[in-house]
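Comments concern the structure below.
The values are calculated or read from the model by the stated rules, or taken from the named source; none is laboratory data. Computed from a prediction, not measured in an experiment: that's the story for all the values here. Virtual Cβ from ideal backbone geometry, glycine too; neighbours counted across all protein chains shown. Just the protein is used for accessible areas: all its heavy atoms, side chains included, with ligands, DNA and RNA removed. Shrake-Rupley method; radii C 1.70, N 1.55, O 1.52, S 1.80 Å.
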Amino acid sequence: MSSTFVGMPAFPEAARDAVGNPTLRANLRHATHTIRAKRAGAVAELADWAELREAGRLIKDHTLRHLDRYLEQLEASVTAAGGTVHWAADADEANRIVTRLVKETGESEVVKVKSMATQEIGLNEALEAEGIRAYETDLAELIVQLGRDRPSHILVPAIHRNRGEIRDIFAREMGAWGRPAPEDLTDTPADLAEAARLHLREKFLRAKVGVSGANFMVAETGTLVVVESEGNGRMCLTLPETLISVVGIEKVVPTWRDLEVFLQTLPRSSTAERMNPYTSTWTGTTGQDGPRAFHLVLLDNGRTDVLADQVGRQALRCIRCSACLNVCPVYERAGGHAYGSVYPGPIGAILTPQLRGTASEIDASLPYASSLCGACYEVCPVAIDIPEVLVHLRERVVQGGPAVRRGNKVVLRPAKGHAAERAAMRAAAWAFGHPGALRTGQRLASGTRRLHPRTLPGPGRAWSGTRDLPTLPAEPFRDWWQRTRGGKDAK
C-alpha cells in the first residue's frame, strides 16, 4: 500500500488533536448525522433489505473463494472486447504501468474520475514525478486537491470542510490550476458547483487520457461499472481517446445478475438514493464511440495477503459505501485524517492494517480505533463483521503470530508497547484457571475498594486516561450468590 500517509502519528495522538478542533467536529457531526438519517429512510423502503444484504454477502464470499477463476475469466472477456489487461502486484508496479501508458500517448495531463485505488497507490504523486499532471474531477476530490489536502471520507472526501472554507480555496487556488473562480464567488452551493463546472469543462474537452477506478467488474462480459452523482465520471469515461482503469482485484463479480444486487444496496447505503444518478458501464472498445484504447490495471497490493486470512478476508467484501463511517462515534469525533490512510473509519481500521501490515506505529494503532459498539456491522450492506475483525487484529498486534506478507508465510512479532497488556492477559488467564485464587482476589479487591485510585498507574494510564474505572461492588458475586441462595437455584 502507498506510503503517502507515513510519518503521521498513531491514531490516539492524531485523534486527540482532531477532537480539539471545534470546526472539524461541527462539520463532521452535521454531515454524518444528515447522511445516516437519510440512509435509514432509504433502506426502510425495501421490505427485502435483509435478504439483499445476505445475497451480497454470499456473492462476495463465493467470488473471493474462486477469485483466481473469475479474474482469469475477466481478463479473457476484456481482451476479447478489445481491451488490454495489466497485472500489478503492488503500488510501484501499478504506478509504473500507468505512467508508461500515459507517456506512450505523448500527453502530459490526465483527467480522473474518483478512484480510491489510485489514491491508495499514490498515483497522482507518481505521475507528477514524471512530469504528468493529474486533474481530479469529482467535486469533493477537486476541493481536496486544490486545498493541498487529504481525503477524510470514502464518499465525501471533503466532509471536513464547510462552505466558507471551500469558497476560500476556490478563490485562492483555481487560477493556478486552470480557469480561475469568479471574482464575486459566494459560498452558496449553487455558486460553488458552477465555479467547479466551468473550471473542469475545459479540462474535459482538452484531455486525451482519462484515469478511472471502478465500483464493479463483471467477469462474464468484461464490463466495468462506475456509479457517481455528478456526471464527471461520464465525461472522463467517454471523451478521452485513452482510458486507463486501475481497479482492486476484489471488485470483480461473476455475472450481471450478481451486479443487480449491489446496484440496489450501494446507492441506498451511500447516498440514500434509490439509484445512482449516473451509472456508467464500458466493455473494451467499440472503434466508433468512446475511448479508442482501453487498459485495465488489476491491482493486488496486499489483497491476496488479506485473502489468506480466514477472519480478516471479509474486509474484501467492502463495496465502499461509507455507511460504517457515518454511524461510527469514533469517526464522528476524530475525522478521517486521524486514520492515516485513504480508507478511514471502521473499514479503514480493519483494511489498512491488513494491506500495509502492523509494523508501523500508526497501523498497529488502527485496530484500537473503535469502541466495538457494533453499529458498523449493523449498517454494512454486505455484512462485514467489523468488530470481529478488529478483535482479531488486536490479538495479532499484541501476540504476533502467523500471517501472510507478499505471498509468503511469516511469523509476526508482537508490536512494541504491549508488554503490559500481554502480562495482564496472561495473569487473567491464570486466575480464571484457578478458582481459589480468583475467589481470594475478588474478596481482596472488594475489601479494599475504598482505597482504589481513580486512574491506573504506570502503563495502565493509557487505558484509564480515556475511561472511568468501574466501581467494585461491596462483595463479589460468588459471595452474594452463596449468601442469598446458598449456592442452589431458587425453587
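Quick look at the values:
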| read-out | value |
| --- | --- |
| Given (1) surrounded by fewer than 24 Cβ atoms within 10 Å (Cβ to Cβ); (2) in contact with a helix residue (DSSP H, G or I) (Cβ under 8 Å, 6 or more places away or on another chain), number of the condition ALA359 does not satisfy | (2) |
| Whichever residue in the stretch 56-89 is of a type in the set (D, E, K, R) and in contact with a helix residue (DSSP H, G or I) (Cβ under 8 Å, 6 or more places away or on another chain) and, among such residues, is farthest from HIS295 (Cα to Cα) | ARG57 |
| Number of the condition not met by GLY20 [criteria: (1) open to solvent by 30 Å² or more (accessible area, probe 1.4 Å); (2) in contact (Cβ under 8 Å) with a residue 24 or more places away in the chain; (3) more than 23 Å from CYS321 (Cα to Cα)] | (2) |
| Any hit, the stretch 445-463, residues being among the hydroxyl-bearing types (Ser, Thr, Tyr), assigned to a helix (DSSP H, G or I) and under 23 Å from SER370 (Cα atoms) | no |
| Matching residues in the stretch 281-309 - criterion: being over 27 Å from GLU260 (Cα atoms) and within 25 Å of the chain's Cα centre (by Cα) | ASN301, GLY302, ASP305, ALA308, ASP309 |
| Complete set of residues in the stretch 103-138 that are within 20 Å of GLU241 (Cβ to Cβ) and among the hydrophobic types (A, V, I, L, M, F, W, C) | VAL110, VAL111, VAL113, LEU123, LEU127, ILE132, ALA134 |
| So ASN215, is it open to solvent by 10 Å² or more (accessible area, probe 1.4 Å) and either under 19 Å from the mean Cα position of the chain (by Cα) or of a type in the set (A, V, I, L, M) (or both) | yes |
| Cβ-Cβ under 7 Å pairs, at least 6 apart or on other chains, the stretch 274-290 side more than 14 Å from VAL226 (Cα to Cα) and among the polar types (S, T, N, Q), far side open to solvent by 70 Å² or more (accessible area, probe 1.4 Å) and in a loop (DSSP other than H, G, I, E, B) | THR285/ARG292 |
| Criterion (among the polar types (S, T, N, Q), on the phi < 0 side of the Ramachandran plot, part of a helix (DSSP H, G or I) and open to solvent by 20 Å² or more (accessible area, probe 1.4 Å)) met by exactly one of THR286, THR279, THR304, THR352 | THR304 |
